[in-house]
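Just so it is clear, none of the values below were taken in a lab; they were calculated from the coordinates. Bear in mind that the values here come from a model prediction, so they are computed numbers and not experimental data. FYI the Cβ positions are ideal-geometry reconstructions off the backbone, even for glycines, and counts take in every protein chain you see.
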Amino acid sequence: DLEAALQYVRGLASVDAERVALLGYSMGSGIVSRYARDHPDIQATIAVSSVFSDVLPSQPRNLLLLTGAWEFGSMKDTARAALAASGGGEEGNTDGDFGAGSARRLVFVPYVEHVTIAFSHGALSEALSWLNASFGRSGVGYLDGRIYWAGLFGLCALILFFPFSRLMLAGKFEQEETPALEIVGLLLASGLPAVVTPL
């Protein structure tokens, strides 16, 4: 599937088929790392929340590993193993040479875990900087900030839930005070799964 996607993208008139980078997240990080390891024509690889460490000192070219600082220990260990296998040095440092394709870097992105790293400004900035360095560019590019608005929307919906539900149900039922225990139960039943599931 990745090969088919690459063939399609490389066939587009607006694409330089010789300057291709791959970015994969979670299980996708393993797919792009494995593919780029076996295809030296890929100029740069970015593995976000890496699940694959079977890389080589020479392949993939220009490897960036991004892992959330709040990820499980096993995820961090996998990223460290990938850095070591790729010939990189200390986490947070950039080792090797971009021109030779031997650049290596591992970053533990602060304040994020396996889900929020995909929307993290820090992770997006690291990825953009890596692509710029890999291709000799200096553009600032676009960093998606919509997750903050989605979070604000969720918070507002939660805050307004009780006032609007009382307004919508006004007159339909006898007005009775809801016992505090029922409110706590409702909050646990509706809020707990929403928090536990992504964690």
Select from region 139-169 those chymotrypsin sites (Phe, Trp or Tyr not before Pro) which occupy a DSSP coil region and have at most 15 other Cβ atoms within 10 Å, ordered by residue number. Tyr142
Compute the helix-to-body angle for 27-38: its Cα long axis versus the longest principal axis of the chain, expressed 0 to 90° and rounded to tens. 10
What helix-only [θ] at 222 nm does the chain give? Using -39500 (n - 2.57) per DSSP H run of at least 4, over all residues, to the nearest 500, the answer is -15000 deg cm²/dmol
Looking at the chain, what % of its DSSP beta bridges pair antiparallel, to the nearest 5? 10
Which of (1) 52, 35, 33; (2) 56, 39, 27; (3) 75, 41, 31 is the computed Cα extents along the principal axes in Å? It is (3)
Quick one: helix 146-169 against the long Cα principal axis of the chain, what's the angle to the nearest 10°, folded into 0 to 90? 10
Within region 1-104, the percent of DSSP beta bridges that are antiparallel, given to the nearest 5, stands at 10
